[in-house]
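All remarks here apply to the structure that follows.
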């Protein structure tokens, strides 16, 4: 007589908890997460082999500070500039990682929102100056998107 294996199906488990790992293309601009209250951004240090001191000084005046690799707990996984004025800063391909406080970002965004609104008002006023009674102008800034047409 042959022996039949009667093991319970409960004992035969599959690993359903493990998900299949999905490959994604690595980015050379992956950055560590910014600390609370800050935002990270890549700043151009050089282009086509020439130092971009104008851009660097402008960004520093705006409030950006360069991120040094020794400031991060896990800073070893990110590329570091080895020599020159920016030695020790996280950087790759002529770019350096910088951080800026959230309150500066918000005040900068408010400034440019106001500036944009003022420019739009100036354009509207110039247009309305040109209107004539026989050809009035209306300023309507709404748009509508539709796909396809009506079925016949």
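Relative contact order for the chain: 20 percent, from Cα pairs under 8 Å spaced at least 6 residues apart, divided by residue count. Compared with the dominant Cα axis of the chain, that is its longest principal axis, helix 102-129 is turned about 40°. Adding -39500 (n - 2.57) for every DSSP H run of four residues or longer, then dividing by how many residues the chain holds, sets the calculated 222 nm ellipticity at -8500 deg cm²/dmol. Angle of helix 53-62 to the longest C-alpha principal axis of the chain, folded into 0 to 90 degrees and rounded to 10: 90°.
To make sure I understand, if each residue's beta carbon is the centre and we count other beta carbons within 10 Å, what order do 111, 40 fall in, fewest to most?
Details: 111 10, 40 16.
The order, fewest Cβ neighbours first, is 111, 40.
Note on region 21-152: Cα convex hull, mean projected area over all directions, 17.4 nm².
FYI, it's all coordinate maths here, none of it is from the lab. Just so you know, these numbers come straight off a predicted model, no measurement behind them. Here Cβ is always computed from backbone atoms with ideal geometry, including for glycine, and neighbour counts include all displayed protein chains.
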